[in-house]
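Let me begin by presenting the structure, written as structure tokens, before commenting on it.
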Amino acid sequence: MELKRIYIFLLCVVFSGCYSKTIFFFQNIRMRPLPPQVEQSLYKQNEKGCNENIRNILKRIPEKNPTATHIRDLEIFQYDQGMFDTCYRLYYGLEISQ
């Protein structure tokens, strides 16, 4: 009976889309602290895409923000929506240098 409950739980997790994982995290390592003008111009962004390649999602970032000079603190989450659908969510900071 206990084994049956475990199988049912695992099936619910696989088919419900509640499983997520971090597949990439990048944080810039700095030797010196950020200057105040750069710190003020760091904007947190959020980008999503389902059934789309991560590379295509990353290509949209400079298209949407042509004035940005650097991407900082990029974190990519993968959400499995059932067995065949995968969605990605990207959190990142945009640096606009003056």
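Coordinate-derived values only; no laboratory data. Small disclaimer: the values here were computed from a predicted structure and weren't measured. Quick reminder, even Gly has a Cβ in these numbers, built from the backbone with ideal geometry, and neighbours come from all protein chains shown.
Points worth noting:
- Label point distance in nm, Gln78-Ile6, each placed 7 Å from Cα along Cα→Cβ: 2.5
- Note on segment 46-98: the C-alpha convex hull projects to 3.5 nm² when averaged across all orientations.
- Annotation: the residues Glu95, Glu2, sorted from fewest to most other C-beta atoms within 10 Å of their own C-beta, follow the order Glu2, Glu95.
- Alpha carbon centroid spacing (whole Å) that separates segment 54-69 from segment 77-98: 12
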